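Q: Below you will find the structure I want to go over with you.
Since every read-out is calculated from the coordinates, none of them should be taken as a lab result. Source: prediction; values computed, not measured. No Cβ is skipped: glycine too gets one built from the backbone with ideal geometry, and neighbour counts run over all protein chains shown.
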Amino acid sequence: MSKLRFALMPAWALAVLAGCGQGLPVAPASGVVLLDGAPLANVSIMTQPIATNSPNPGPGSFGRTNAEGQFELELVKPAVRGAIIGEHRVMIAPVGEVKTATGDKWPTSFSDGSLRIQVPKEGTKELRVELSRRMSKNK
Amino acid sequence: MLYNRGTYRGNSGLYTSDDTSYWDSSGEQKGKQYANDRGPLPGVGPLYLDPWVPNPLPMTKWCASPVKIKQITDGTANTVLLGEKAHIVRSSATIASAAEDARRRRTFWAYTYTSYQRSVTFLQTRTITNDYARCMEIGGPSDENTCKRGWGSLHPGGFNVTMCDGSVQFISESIDVFLFGALSTIANGDTIALQ
C-alpha cells in the first residue's frame, strides 16, 4: 500500500521530501551550552524527541560545542540539519574519556535525559542548555 | 576463512550512566543495585576474558545466574528477548577504520565474548541505526560501544524484536529510545507497552 502511494507521488514531491528529512517535521536548531553561566567547549549533545501521542516521535539529533560553547543540531538519520519539532530530552557528555580537573565523575544529571529543550516550528538559533555544578551534586 | 553471520541477538539490558554496565558477561553484573536494568539474556556462567586462551579466573568467580521468568516483573509482553542486529558495511570519509569495524562487529553466534551475541540499549538514537559508519561518525558517550552493541536491520524503517511472551513487534527507527530502553529491562518498574 505504501509502495503504491509512493509510486503515484509526483517527482517534485519526492524531491521536496528528500530535501527536508523525508517528510519528517524538522526545523533548524542551534544554540549554546553553559556551565555555571560560562560557555562549555567540546562536549557532545544528544537529543531525543519525547513520545507523546505516538511511540515514534522521530529520530534524535546530535551536535558538538565549539570553543564558544555553540552547537548546531543534525538529525541522526537521515543526515539533515536540524531537529524534530517539539520537546526533546538533552544529554550532555564529554567527548571521549575526559576527566574534569578535580577528577570528578561526569555528573549523571547532565546525561540522564532529565534536561529538556523545545524546538519550535519556525526553528531556533537561541537554544540554551544551562548546567550548574550545584545540580551535579544530586548524585 | 569464511563464517556465516547472524542477524539477531539476545537482549542483555539497558545501559545507563548510573550503572555503566553492558550486562554481556558475568563480570558486568557487579553490584546488585542496578540488576533490574538487565535484559532477560545477560552474560552468565564463568567469565571468559578471551575464549581462545585458558581462563585465568577460578570457575566460580563472577558466575552470575540466568534470569528466571518470575524476575521479569515489567511483564513478559513488555520486555524484549531477541532483536535484529544487522548493519550496512561502508567506508567513511572521516573514520578510516569504519568499514573494517562494521565488518568485524556483525553478529556472530559462535563467539560468546562481549557483544557478538548480545546487544544492550543505549539511550541514544544512534544505537538503533543500521548504518555502522554513521553511528561512529556521530560519536558521543560510550564511543563505538554504542554501535557494536546496538540494534537494526537491513529492511527499511526499523527492526523486529521478539518479546519474552513470544510475540513479535516491529520497532521503528523513529521510536523514542527512552521508550525502547524501558522495553529492554526486566524489572525497572516500567510496564510500558507499545500499543
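Q: Just to verify a number: FRET efficiency for residue B:104 and residue A:116, C-beta to C-beta distance, R0 = 30 Å, to 0.05?
A: Efficiency for this residue pair is about 0.20.
Q: Hey, fewest Cβ within 10 Å first, where do A:130, A:72 land in order? Please list the in-between numbers first.
A: Working: A:130 13, A:72 19.
Ranked by crowding around the Cβ, least crowded first: A:130, A:72.
Q: While we're looking at this one, here's another question. Please average, across the residues of B:128-137, the number of beta carbons from any other chain that are within 10 Å of each residue's own beta carbon, and give a whole number.
A: Working: counts 4, 3, 1, 4, 0, 0, 4, 2, 0, 2.
Mean shielding count: 2.
Q: Another question, if that's okay. What's the extension gain from residue B:7 to residue B:144 if we count 0.36 nm per residue and subtract their Cα-Cα distance?
A: Result for the pair: 47.4 nm of gain on full extension.
Q: Then there's this: Using θ = phi - 60° and the Karplus form 6.51 cos²θ - 1.76 cosθ + 1.60, what ³J(HN,Hα) does each residue of segment B:81-94 get, whole Hz, x for Gly and Pro?
A: Here the 3J(HN,Hα) series is 9, 10, x, 6, 9, 9, 9, 5, 9, 8, 8, 10, 5, 10 Hz.
Q: First measure r as the distance between the Cβ atoms of residue A:34 and residue B:97, then evaluate 1/(1 + (r/R0)^6) with R0 = 35 Å and state the FRET efficiency to the nearest 0.05.
A: For R0 = 35 Å, the calculated efficiency reads 0.50.
Q: Let me ask something else. With loop defined by DSSP as not H, G, I, E or B, and exposure as at most 15 other Cβ atoms within 10 Å, which is the longest segment of chain B clear of exposed trypsin sites (Lys or Arg not before Pro)?
A: Counting only loop sites that pass the neighbour cut-off, the longest clear stretch is B:91-195.
Q: Moving on to the next point. Before rounding to the nearest 500, sum -39500 (n - 2.57) across all DSSP H runs of length at least 4 in chain B and divide by the residue total; then give [θ] at 222 nm in deg cm²/dmol. Write down the numbers at each step before the final one.
A: Values: 4 runs with 26 residues, N = 195.
Only helices count here, giving -3000 deg cm²/dmol.
Q: Next up: Calculate the FRET efficiency for residue B:192 and residue B:68 from the Cβ-Cβ distance with a Förster distance of 22 Å, rounded to the nearest 0.05.
A: 0.50
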